[in-house]
Amino acid sequence: MADIVRYTPDDRRAVDALYRRVFGNDSADASRLRWEWQYRHNPNNPGGTPVIWIAREGNTLVGQYATMPVRLQVHGREVEASWGMDVMVAPERQRQGIGEVLFRTWDRNVGASLGLGLSQSSHRLFRKLHWPEPGPIPCLVKPLTRRAINRASWPEPVNRLVSALTLPFVKVIARSRPLRAEMAIVRRFAPEFTAFWDKLAPHFEFAVRRDAAYLNWKYVEAPHVRYVVAALRRGAELQGYVVYRHLQEPRGRVTTLVDFLVDPDDEAGMKTLLRWVDREARAADSDKIRVFCLHEGYRRVLRRSGYFQVKSTMEFTVKVNGVDLPPTFYEDTLGWHVTLGDSDQDR
Ligand SMILES: CC(C)(COP(=O)(O)OP(=O)(O)OC[C@H]1O[C@@H](n2cnc3c(N)ncnc32)[C@H](O)[C@@H]1OP(=O)(O)O)[C@@H](O)C(=O)NCCC(=O)NCCS
């Protein structure tokens with residue numbers, strides 16, 4: 001059986017080679033670009049070192065489970081948790097139990113093990129191991145132009161007809177609305193964002209700690225994508241923020257609202273954040289805005305602001321260890337704040 005040990009820098013070449021075999025050259029090149037940032041610079045790394053588990057048979061590396069440590073607010077406590085990612089087993093050694101040993105080793109060593117956006121094989125394995133599955137994370141879309149409602153699976157004449165029929169409706173949804181508070185772009189997250197998180201944290205039954213160190217690492221220093229951050233203020237006081245980016249997809253231009261935070265009871269604040277994103281999306285010529293959001297309070301405001309829930313494939317699995325939880329904990333996710341920005345899904 002394979003030995004499971006912690007990664008050391010001497011493993012780097014063998015991990016790269018295995019990644020190339022399992023995920024292909026393009027993914028391996030993209031992972032290389034992110035690697036130092038993603039695994040070495042994470043401010044939540046305990047002892048400052050990456051938390052990656054390696055499966056080894058003699059001198060041969062046959063698998064890895066890499067993780068992204070985060071602090072997690074869960075049921076009134078803060079625990080050391082991590083997102084599992086880039087899990088892989090050498091093709092000739094798959095389905096022989098190595099993945100299971102890696103998953104269990106990770107889970108034994110963390111206060112909560114979290115998975116987002118799973119591949120079919122890892123999703124099946126999580127299920128086989130009975131990890132609770134509160135997902136998928138709902139996906140909501142706001143149309144801004146006639147191209148927003150096109151589908152790749154529909155023939156072109158159908159797409160044209162749907163565009164024409166829905167245009168008046170899209171125009172009403174997409175019309176510009178006034179901002180009700182001051183919004184401004186910020187270049188870095190200042191310490192006030194940590195104070196803002198500390199104030200809001202008790203509102204959430206489940207959410208990753210969004211302090212300034214985490215936010216700067218995740219959204220300002222990421223080498224592979226460029227985000228825009230805008231903050232909401234009333235007077236001098238920080239009262240919310242949004243993180244978003246614009247991207248070209250095969251069927252049009254999309255603005256993704258990757259992360260946000262505002263008091264869930266502050267409906268006017270949430271609306272102002274969304275209206276700001278509307279303006280930015282229109283200025284970037286986007287056909288739609290997309291957001292992944294689990295929290296029911298936020299989703300209610302999203303729906304009132306012209307967003308529609310669409311099918312989501314963003315699987316989400318969580319296992320909390322060592323905290324007394326009510327029996328309904330994993331079913332009642334109304335107060336859980338999870339977005340696309342969590343884990344490493346936005347690549
Ligand atoms: C996911 C992965 C690490 C699991 O490792 P493993 O050593 O094969 O897993 P185990 O042998 O411990 O467990 C096998 C179970 O995993 C699931 N599984 C593994 N490979 C699978 C596949 N190709 N299709 C469907 N389910 C699969 C099944 O539940 C399987 O149980 P079964 O054999 O009774 O049906 C491995 O399949 C892998 O490297 N996959 C490719 C990379 C990948 O998708 N990584 C996940 C990124 S999120």
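No lab work stands behind these numbers, since they all come straight from the coordinates. Just so it is clear, the model here is predicted, and its values are computed rather than measured. Note: ideal-geometry Cβ built from the backbone for every residue, glycine included; neighbour counts use all protein chains shown.
With an 8 Å Cα cut-off and a minimum separation of 6 or more residues, compute the relative contact order for the chain in percent. Taking the mean separation of contacting Cα pairs over the length of the chain, I get 21 percent.
Once divided by 2.2 N^0.38 Å, the Cα radius of gyration of segment 174-253 becomes 1.26. For the chain, the Cα-based Rg and Dmax, in that order, read 21.0, 66 Å.
Segment 165-186 and segment 242-268 have Cα centres lying 13 Å from one another.
Note on residue 93 and residue 147: with the Förster distance fixed at 35 Å, the Cβ-Cβ geometry gives a FRET efficiency of about 0.15. With respect to the chain, whose longest principal axis is taken over its alpha-carbon atoms, helix 25-35 is tilted by about 90°. Simple rule: put +1 on each Lys or Arg Cβ and -1 on each Asp or Glu Cβ in the chain, find the dipole, and look at 339, 320, 99; the Cα lying farthest toward the positive end is 339. Comparing mean-square fluctuations of 110, 22, 258 from a GNM of the chain with C-alpha springs under 10 Å, the top value falls on 22. Go from 0 up to the bin containing the longest alpha carbon distance in segment 139-311, width 10 Å each, and give me the % of pairs per bin. The calculated distribution, bin by bin, is 9, 37, 35, 15, 4, 0. For the chain, a Gaussian network of Cα nodes joined below 10 Å ranks 185, 137, 98 by mean-square fluctuation, and the top entry is 185. For residue 239, the amide hydrogen comes within under 5 Å of the amide hydrogens of 232, 233, 234, counting only partners 5 or more places away or on other chains and with H modelled in the peptide plane. The relative contact order of segment 177-322 comes to 20 percent, based on Cα pairs under 8 Å that sit 6 or more residues apart. A straight line joining the Cα centroids of segment 86-141 and segment 274-319 runs 26 Å. For segment 3-128, the normalised intensity computed at q = 0.14 Å⁻¹ comes to -0.60 (log10 of I(q)/I(0), Debye sum over alpha carbons, equal scatterers, no solvent).
Result for the chain in a Gaussian network model with C-alpha springs under 10 Å: among 298, 307, 330, the largest mean-square fluctuation is at 330. Cross-link pairs exceeding 31 Å in C-alpha to C-alpha distance, out of 128/271; 218/311; 171/311; 218/319, comprise 128/271.
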